[in-house]
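K.L.:
Take a look at the following structure, please.
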Amino acid sequence: LMGGTVGVQSAFGGGSTFWAELPLPSSAPAQGPSSTEVHDLARLSGARVLMAEDNPVNMMIAVAMLEHWGVRVEQAGDGRAAVDAVHAAVHDGQPFDVVVMDVQMPIMGGHEAARELRRHYPPATLPILALTAAALVSERDEALDAGMDAFLTKPIDATKLRHTLAGLVRRGA
């Protein structure tokens, strides 16, 4: 058993004691965040991000990650709502720093929404990050051709999402 021992001591009417000894190595001391993580978190703190996702579970997970990093998140459940939210935010003088867009959504999909947004907002003013469950190269190419600036696959890898978003945030750059 992993180079250890197990045993039992028992006395009738007195109960039993079970024990195990395992020769496990000492754990390494906990390390603080890497310099990359510190840089990413500094770039993301206070950023305004629109999260466009039709799946409530995926939305909940993504929003929890983003808020944990200090991001201010607004939500849209489909591509049409995302386009409307971007226009409203710009009209109110509080544009988003990044749009995170699911590719496959009802009413208006992510590609169509990105093309619509690109008619009004160039990449320098509104970065768009595609999120999709499809990992095909053709899907990536289609997202980039639609005007999206970066592409990540689901399930969401928190480190990749954090680093990609930090690279896309334009404010203070």
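The values are calculated or read from the model by the stated rules, or taken from the named source; none is laboratory data. Because the structure is a prediction, the values reported are computed rather than measured. Ideal geometry is used to build each Cβ from the backbone, glycine not excepted, and the neighbour counts take in all protein chains shown.
K.L.:
Within segment 159-173, track down each residue that is on the phi < 0 side of the Ramachandran plot and modelled with pLDDT under 90.
P.N.:
Once the filter is applied, which keeps residues that are on the phi < 0 side of the Ramachandran plot and modelled with pLDDT under 90, segment 159-173 yields 170, 171, 173.
K.L.:
Tell me which residues, restricted to segment 71-80, are farther than 21 Å from residue 43 by Cα and surrounded by fewer than 19 Cβ atoms within 10 Å (Cβ to Cβ).
P.N.:
77, 80, listed by residue number.
K.L.:
Further question: In segment 81-91, is there at least one residue being hydrophobic (A, V, I, L, M, F, W, C), crowded, with 16+ Cβ neighbours inside 10 Å, in contact (Cβ under 8 Å) with a residue 40 or more places away in the chain and more than 19 Å from residue 152 (Cα to Cα)?
P.N.:
Among the residues of segment 81-91, at least one is hydrophobic (A, V, I, L, M, F, W, C), crowded, with 16+ Cβ neighbours inside 10 Å, in contact (Cβ under 8 Å) with a residue 40 or more places away in the chain and more than 19 Å from residue 152 (Cα to Cα), which makes the answer yes.
K.L.:
Now, a different point. Scan 159, 164 and give me the residue that is under 20 Å from residue 61 (Cβ atoms), surrounded by 15 or more Cβ atoms within 10 Å (Cβ to Cβ), within 13 Å of the chain's Cα centre (by Cα) and β-branched (Val, Ile, Thr).
P.N.:
Going through 159, 164 in turn, just one is under 20 Å from residue 61 (Cβ atoms), surrounded by 15 or more Cβ atoms within 10 Å (Cβ to Cβ), within 13 Å of the chain's Cα centre (by Cα) and β-branched (Val, Ile, Thr): 164.
K.L.:
I would also like to ask the following. Across segment 115-141, what is the total count of residues that are in a helix (DSSP H, G or I) and either hydrophobic (A, V, I, L, M, F, W, C) or out of contact with any helix residue (DSSP H, G or I) (no Cβ under 7 Å at 6 or more places or on another chain) (or both)?
P.N.:
Of the residues in that region, 8 qualify.
K.L.:
Condition first: among the acidic types (Asp, Glu) and surrounded by 17 or more Cβ atoms within 10 Å (Cβ to Cβ). Now tell me which residues in segment 27-68 satisfy that.
P.N.:
Across segment 27-68, the qualifying residues are 40, 53, 54.
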